[in-house]
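Trainee: Handing you this structure, nothing more for now.
Any read-out appearing in this document is the output of simple, stated calculations on the displayed coordinates, not a laboratory observation. These figures come from a predicted structure and were not determined experimentally. Here the Cβ positions follow ideal geometry from the backbone for every residue, glycine too, while neighbour counts run over all protein chains shown.
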Amino acid sequence: MDAADGYAGSKMIETTSLEGVLMITPRIFKDDRGTFTESFSAKQFDKATGGRYTFVQDNQSVSKKNVLRGLHFQNPPFEQGKLVRVSKGSVIDVAVDIRKHSSTYGQHIAVLLSAENNRQLWIPPGFAHGFVALEEDTVFCYKCTEYYAPQAEDCIAWNDPDLNIDWGVRDPIVSSKDSIGKEFCKFATQF
């Protein structure tokens, strides 16, 4: 990853191998009382992303160890960008490029997000997203640029052989809905 911008001096923003996906590492202030972190600033986020996105919904999930959720996305015109982080525990977080004209179409990144490293991942619209919890009672938080729209939701198989994602766990716990995700080779993207 390459350093992109200082995020107003309080955060480090790094680009990733997938255009538009950003790794954000907030600055943590520590003293004898504990820590303080500014987890989100619209002004700083707009500077980093060109001011194209507005968050309309915040979500949180709590997962047992080895629970895998994904690879989810919403089709246009309800596509979602997500700013994700972990407030308790840790995950392997994955973004898959599903933009048909992208030079990285079908490629993915997998990053460790944890309460300890306090990192965040910005995943713009046009990506499928998933994560696997590495600890009991992992709390995963994400801000969305579009409301949940069940008629637009879709899922790619988390274990698709063409994607070849290393989730770092054996035999993850997957919902019945996620266990029947689409094969990537048969998937027709709307992005």
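Trainee: I need the fraction of alpha carbon pairs in region 57-191 separated by more than 20 Å, rounded to a whole percent.
Mentor: Working: 3682 of 9045 pairs.
Everything past 20 Å amounts to 41 percent.
Trainee: Then there is this: Longest exposed-loop-site-free stretch of the chain, with GluC sites (Glu not before Pro), DSSP loop and at most 15 other Cβ within 10 Å? Let's see the in-between values first.
Mentor: On the way: sites that count: Glu19, Glu38, Glu116, Glu136, Glu183.
Looking at the chain, 39-115 is the longest stretch - no exposed GluC sites (Glu not before Pro) with at most 15 other Cβ atoms within 10 Å.
Trainee: So what is the relative contact order of the chain, in percent, for Cα pairs below 8 Å that sit 6 or more residues apart? Write out the running numbers ahead of the final one.
Mentor: Working: 434 pairs, mean separation 50.3, N = 191.
Relative contact order of the chain: 26 percent.
Trainee: So which residue, out of Asp178, Asp46, Asp97, gets the largest mean-square fluctuation from a GNM of the chain using Cα contacts under 10 Å as springs?
Mentor: Result for the chain, Cα springs under 10 Å: Asp46 fluctuates most.
Trainee: Next up: Excluding residues on the same chain fewer than 8 positions from Lys47, give the lysines whose Cα lies under 21 Å from its Cα.
Mentor: Lys11, Lys82, Lys143
Trainee: A further question follows. Go through region 148-189 and name the chymotrypsin sites (Phe, Trp or Tyr not before Pro) that are in a DSSP coil and have 13 or fewer other Cβ atoms within 10 Å of their Cβ.
Mentor: Working: sites: Tyr148, Trp158, Trp167, Phe184, Phe187; in loops: Tyr148, Trp158, Trp167, Phe187.
Listed in order of number, the matching sites are Tyr148.
Trainee: Right, another one. Could you tally the net charge around Ala188, taking each other residue with its Cβ under 14 Å from the Cβ of Ala188, Lys/Arg +1 and Asp/Glu -1? List each step's numbers first, then the result.
Mentor: Numbers: positive: Arg99, Lys100, Lys182, Lys186; negative: Asp154, Glu183.
Net local charge, Ala188 excluded: +2.
Trainee: I want to verify a result. In a Gaussian network model of the chain, Cα cutoff 10 Å, which of these has the top mean-square fluctuation: Phe131, Phe73, Phe36?
Mentor: Ranking Phe131, Phe73, Phe36 by mean-square fluctuation puts Phe36 first.
Trainee: Using the Cβ atoms and a cut-off under 13 Å, what net charge is assigned to the surroundings of Phe29, where Lys and Arg are +1 and Asp and Glu are -1?
Mentor: Details: positive: Lys11, Arg27, Lys30, Arg33; negative: Asp31, Asp32, Glu38.
Taking every Cβ under 13 Å from that of Phe29, the sum is +1.
Trainee: Okay, next question. Using the alpha-carbon centroid of each, what span in Å lies between region 147-191 and region 84-133?
Mentor: Using only Cα atoms, the two centres lie 13 Å from each other.
Trainee: Around Asn117, what is the net charge, scoring Lys/Arg as +1 and Asp/Glu as -1 over all other residues with Cβ under 12 Å from its Cβ?
Mentor: Working: positive: Arg85, Arg119; negative: Asp93, Glu116.
In short, 0.
Trainee: For the chain, set up a GNM with springs between Cα atoms under 10 Å and report which of Arg170, Arg33, Arg119 has the largest fluctuation.
Mentor: Largest GNM mean-square fluctuation: Arg33.
Trainee: Now a separate question. Tell me which of His108, Gln74, Thr16 sits at the most positive position along the dipole axis of the chain, charges placed on C-beta atoms (Lys, Arg +1; Asp, Glu -1).
Mentor: Most positive-ward Cα: Gln74.
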